[in-house]
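First the structure, in the form of structure tokens, and then the observations on it.
Throughout, read-outs are computed from the coordinates displayed, never taken from laboratory work. None of these values were measured; they are calculated from a predicted model. Note: ideal-geometry Cβ built from the backbone for every residue, glycine included; neighbour counts use all protein chains shown.
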Amino acid sequence: MRNRRDFIKQAAFAGLGTVAGGCMNFGSGGRAPAIAGDFGWGVLLHLGSNMWGDWTPDEHYPSSREEERKMFPNPKPRENGSYPNVVRNYLGADEAVWREQTEYMRDEGLNLVMIDVGEAYAYPSHPELWVKGSWDPDRMRAELKRLRGLGLEPVPKLNFSAGHDIWLKEYHYMTSSRKYYEVVADLIRDVCAVFDRPRYFHLGFDEEVAAAVKGRKLAVMRQGDLWWNDFNFCVREVERHGTRAMLWSDKICGGKEDFLKRMSKGVLQVPWYYGVDFSEEKLKWKPEFETSQDWSVQRNLASSIVVLADAGFDVMPCTSNWSSDEAADAMIGFCKRRVDPAQLKGFLTAPWFMTLEGQSRKLKDGIRLFAAAKRKHYPAL
């Protein structure tokens, strides 16, 4: 997962038109209770993980953990202890690790779990997207019930960024076609149904930039009006089911004024920044990076938090322990001082370590550091 992770080292078919500004009325009638209340303390966990790399129909991908070990006998960890992602034809998440991490979230006083769904769900409308072990609706409902019993509000995430949608398999290569819109609408409907009309629905849409896709066998990237058409289509499909859309907000880094003009206030923004520098210099918007074709396009991530909140958008900023154990403390402390409480709807941490036995310690570290920052800066919440 270069892109976002490596940033730290630098520390006209369906749905044309625009979603109107102003928030929808997201009433709670008929949906599961919002356990997190008005303020969420959430962790992104990966049930599905086919979000990075290439998928082609003739390629052979491991269909079991044993086969994966034979195909990749000596994987080399990155400096921070993570491992390069593997595209799998089976559900790779370790259920014991999944349960351990969610129970630890409960123990640490958190109240929201964002579930990267991807290939993990056996979508009733599209069995061609299943992998071996995908959870059927009954299995998924049972898990969501367990999570709610732990006091965790489950929020689904389906990443429709062309840079992170390998889980869509062949439909990745049909982006912006009539068939693509049909499939996307089906998948959103399936997930809203099994999650019982969740309060939030994360659409991803991050890092659809040249730097992210240039190494792919077939590079797919939307720009300009087409990106907005597709994003707004997804938002309307989510809102059709009485749910509020969220997205990773790094699109603003490629054009601040255009983003502020065209983005609906009804969409909950998730500006992410995994560094610790919140100096005045770091927070100055640098327009010269908006047209960059490399990862310097993300130089304005820290300042995007303030820009979005000051423009009247609701925000749920996201931190991570990907490169720094101090990032959560820095982010939460800064936002408490600087962001209008009326715009701040909670915080997320995205460790970006998979729910696998070899990465469980780093996952738990991310939860622990995030919860410690919560207690330090918001002891009453």
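Report, in deg cm²/dmol and to the nearest 500, the calculated mean residue ellipticity at 222 nm for the chain, where each DSSP H run with n ≥ 4 adds -39500 (n - 2.57) and the sum is divided by the residue count. Dividing the helical sum by the residues of the chain leaves -10000 deg cm²/dmol.
Here the dipole of the chain is about 540 debye; that uses its Cα centre as origin and unit charges on the Cβ of Lys and Arg (positive) and Asp and Glu (negative).
Magnitude of the charge dipole for segment 219-375, about its Cα centre and with charges confined to Cβ atoms of Lys, Arg (+1) and Asp, Glu (-1), is about 500 debye. Listing C234, C192 from fewest to most neighbouring C-beta atoms within 10 Å gives C192, C234. Taking a sphere under 12 Å around the Cβ of R139 and counting the other residues whose Cβ falls inside, with K and R at +1 and D and E at -1, yields a net charge of -1. Straight-distance candidates among the aspartates and glutamates for linking to K256, with alpha-carbon spacing under 14 Å and chain neighbours fewer than 8 residues away dropped: E288, E290, D310. Listed from fewest to most Cβ neighbours within 10 Å, the set F160, F231, F370 follows the order F160, F231, F370. Non-local lysine pairs in segment 61-183, meaning eight or more places apart or on different chains, with alpha-carbon distances under 19 Å, amount to 5. Computed with the Debye formula from one identical point scatterer per Cα of the chain, without solvent, the log10 of I(q)/I(0) at q = 0.09, 0.12, 0.13 Å⁻¹ comes to -0.47, -0.89, -1.08. In this calculation the C-beta distance from R216 to R368 is compared with R0 = 45 Å, giving a FRET efficiency of 0.80. Using R₀ = 41 Å, calculate the FRET efficiency as 1/(1 + (r/R₀)^6) where r is the Cβ-Cβ separation of E257 and E66; round to 0.05. The pair E257/E66 has a calculated efficiency of 0.20.
For a test of the definition: using alpha carbon positions, the gyration tensor, and the 1.5 limit on a/c, classify segment 99-183 as rounded, prolate or oblate. Verdict is prolate for segment 99-183. Each of E170, E208, E143 has some number of other Cβ atoms within 10 Å of its Cβ, and from fewest to most they run E170, E143, E208.
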